[in-house]
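Comments concern the structure below.
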Amino acid sequence: MAKFRTIFNLSEGEDDKAKTLETISRNISFKGANLWILACAILVASVGLNVNSTAVIIGAMLISPLMGPIVGAGFALGIFDFDLLKKSLLNLLIATVVSLSVSTLYFLISPFKDVQSELLARTAPNIYDILIAFFGGIVGVIAVTRVEKGNPIPGVAIATALMPPLCTAGYGLATAQWTYFLGAFYLYSINCVFIGIATFLIIKYLKYPPKKQVNEKQQRQVRIIITILITVMLVPSSYLAWSLYRGQQFKKNSDQFVEKEFTDKGYTVVYKKSDFNAGKKKLELAFLQKRFSKTEMDTLRKKLDAYEYLKGTQLIIRQDTTDRFSALKGDILNEIKSSENEINVRDAKIVQLEKALTQNTFDNKQLLKESKALFPQIVSVSIIKTEMATAKDSTYAITAVIYEAPKSLSRQETEKLGNWLNQRLALKNTVIFRKE
């Protein structure tokens, strides 16, 4: 048992209590550099939420100094230092007002006001956010009371996420979307309260001496305040967590219903939308070809009620009185038939062009090698079929041979080259030119 206690002993590695209190008291103030850092961190987080960048948001959480007054308030409650408590709460209020003001101003100026997934994630807190805040706060205060602070503090700042909810609340104010503002500010309040409560419990566990002796009545008042805060935060978040669970189960079971009743039977689902909102459950479907009669739809609705979490769900199958698949098939066949002649004409033209291209193509590289064997002075050659226009508005076909050499071929050599090409390529009317 003694060894077990040693393993879980928090007193080992603990810093001097007076020194820890001094550090916490120093970190609760928001003025000068701390206020500038806070404002810049809020701007960075707001930009991250605006462009939906998780990396930028994490960076803002790492540089945020918001944890100071929250830990200070929990610490002050633990040692019954009500002057420190007032100072911590005042600085937390200043930090909150400044953060809301800066984020609201940014979103008012920003031309991008679309709701991103990072914003939406901060508008519906639940009991899981309470667990994150509480256990994150425990890790944070344990790290603060150590001689070796270690790496937990940055991780706590990221996990508890104080900055993004405040920025989301600022977005809600800037765009007059009060649901977003209330949801995000509620999440921020959850984080503040449960980090503070976690700090209070650890300070009590580590037996920090009270600043002054308080009577049983004052201690009871502190416990009542903490109980009220926990209840206020716990009840709504528990309801939201239950709603989230029911929504997830509704989606899961609706997917199973669609797979079993339609997909497994070979029906192609082209549209599916499941909606679980404020207890109103709705499942909308549309199919590629299958059409359902009234009797079939009544049977499907009865089957739907048999699935867990789907009872009372409104089933809507989108279909009209026209067989759209057959109509579409007929339209396609008519289009193919009407364009058949046009396609044949195009194919004929393509064949003619390919034939002309083939007839007008010579392997100039190979011909250059062969011609150099007969006439070493030739350095390049190009052969192409073309038409020669005359003054009498008539044309006749010729094969033009253009060669490049340091000096012109003699008359006999030119005649010899022409005869060779006529035989080699089965040509007539070969005309030879030298490139100047």
Open item on the list: When you check ALA33 against the structure, is it hydrophobic (A, V, I, L, M, F, W, C) and at pLDDT 85 or above, yes or no?
Closed with: no
- [ ] Restrict the check to segment 36-57 and report whether at least one residue is part of a helix (DSSP H, G or I), open to solvent by less than 60 Å² (accessible area, probe 1.4 Å) and over 26 Å from THR104 (Cβ atoms).
- [x] no
TODO: Output yes when any residue across segment 215-222 is at pLDDT below 85, farther than 30 Å from GLU14 by Cα and out of contact with any helix residue (DSSP H, G or I) (no Cβ under 7 Å at 6 or more places or on another chain), and no when none is.
DONE: yes
Open item on the list: Here is a check on your reading of the model: is PHE30 in a helix (DSSP H, G or I) and aromatic (Phe, Trp, Tyr)?
Closed with: no
- [ ] State which residue pairs qualify: first residue farther than 16 Å from MET163 by Cβ and inside segment 99-121, second residue assigned to a helix (DSSP H, G or I) and of a type in the set (S, T, N, Q) in any location, beta carbons under 6 Å apart, and separation of 6 or more residues or different chains.
- [x] SER110/ASN50; PHE112/ASN50
TODO: Kindly indicate the residue of segment 202-241 that is hydrophobic (A, V, I, L, M, F, W, C), in contact (Cβ under 8 Å) with a residue 24 or more places away in the chain and over 20 Å from ILE70 (Cα atoms) and also most open to solvent (accessible area, probe 1.4 Å) among those meeting that condition.
DONE: LEU240
Open item on the list: Kindly evaluate ASP83 against the criterion of being in a helix (DSSP H, G or I), surrounded by 18 or more Cβ atoms within 10 Å (Cβ to Cβ) and either of a type outside the set (S, T, N, Q) or at pLDDT below 85 (or both).
Closed with: no
Task: Count of residues meeting criterion [open to solvent by 60 Å² or more (accessible area, probe 1.4 Å) and under 29 Å from the mean Cα position of the chain (by Cα)] in segment 93-107 - done: 2
Open item on the list: Taking the conditions exactly as written (at pLDDT below 75, open to solvent by 60 Å² or more (accessible area, probe 1.4 Å), assigned to a loop (DSSP other than H, G, I, E, B) and touching a strand residue (DSSP E or B) at 6+ places or on another chain (Cβ under 9 Å)), does LYS428 satisfy them or not?
Closed with: yes
Task: Lone qualifier among TYR271, TYR186, TYR205, TYR245 - being over 30 Å from GLN314 (Cβ atoms), under 26 Å from the mean Cα position of the chain (by Cα) and not basic (Lys, Arg) - done: TYR186
Task: GLU284 being within 23 Å of GLY266 (Cα to Cα) and either among the basic types (Lys, Arg) or loosely packed, with under 13 Cβ neighbours inside 10 Å (or both) - done: no
TODO: From the list SER64, SER25, pick out the single residue that is out of contact with any strand residue (DSSP E or B) (no Cβ under 8 Å at 6 or more places or on another chain), in contact (Cβ under 8 Å) with a residue 40 or more places away in the chain, open to solvent by 20 Å² or more (accessible area, probe 1.4 Å) and under 24 Å from VAL222 (Cα atoms).
DONE: SER25
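The values are calculated or read from the model by the stated rules, or taken from the named source; none is laboratory data. Since this is a predicted model, take the numbers as computed values, not measurements. Neighbour counts are summed over all protein chains in view; Cβ atoms, including those assigned to glycine, are modelled from backbone coordinates with ideal geometry. With ligands, DNA and RNA removed, areas are computed over all heavy atoms of the protein, side chains included. Shrake-Rupley method; radii C 1.70, N 1.55, O 1.52, S 1.80 Å.
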